[in-house]
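Heads up: the structure comes next, in structure tokens.
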Amino acid sequence: MVIVAGHIVVDPHQRASYLADCVGVVEQARRAAGCLDFSIAADLVDAGRIVIFERWESRAAVEAFRGSGPSDAQNAEIRAASVAEYDIAEVRSLS
């Protein structure tokens, strides 16, 4: 399993429109083969921060989807980013 997690920072006044522009990407990702979860969401404390979380069955599934990321216009709005991929060897359910 692969987890992609982190955050991006945009101008606080642009965050709502940035997130609205991401709806199609989230829908596309959730339909993609190997996608277990995909979320792009507003941070509850920082007005310019957007939280990224993705969970994939495999690295191959992630790579097949990459290229479907932010558009050039969305990339231009990103002021900073800290997103990483994690290869997960074991999972323990908490529920």
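The values are calculated or read from the model by the stated rules, or taken from the named source; none is laboratory data. Because the structure is a prediction, the values reported are computed rather than measured. Note that we place each Cβ from the backbone using ideal geometry, even for glycine, and neighbour counts take in every protein chain shown. Protein only, heavy atoms only, side chains kept; ligands, DNA and RNA dropped before computing areas. Shrake-Rupley method; radii C 1.70, N 1.55, O 1.52, S 1.80 Å.
What the table below lists for this structure:
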quantity	calculated
Residues that are more than 16 Å from Ser82 (Cα to Cα) and in contact with a Cys (Cβ under 7 Å, 6 or more places away or on another chain), drawn from the stretch 10-63	Ala29, Trp56, Ala61
Complete set of residues in the stretch 1-20 that are over 13 Å from the mean Cα position of the chain (by Cα) and either without any contact (Cβ under 8 Å) to a residue 60 or more places away in the chain or open to solvent by less than 40 Å² (accessible area, probe 1.4 Å) (or both)	Val10, Pro12, His13, Arg15, Ala16, Ser17, Ala20
Every pair of residues 6+ apart whose Cβ atoms lie under 8 Å, when the first sits in the stretch 72-95 and is under 19 Å from Ser58 (Cβ atoms) while the second is of a type in the set (A, V, I, L, M, F, W, C) and in a loop (DSSP other than H, G, I, E, B)	Asp87/Met1; Ile88/Met1; Val91/Met1
Test set (1) part of a helix (DSSP H, G or I); (2) at pLDDT 95 or above; (3) exposed (fewer than 15 other Cβ atoms within 10 Å of the Cβ) - Glu63 fails condition number	(2)
Among residues of the stretch 40-60, those that are touching a Lys or Arg at 6+ places or on another chain (Cβ under 7 Å) and open to solvent by 40 Å² or more (accessible area, probe 1.4 Å), counted	2
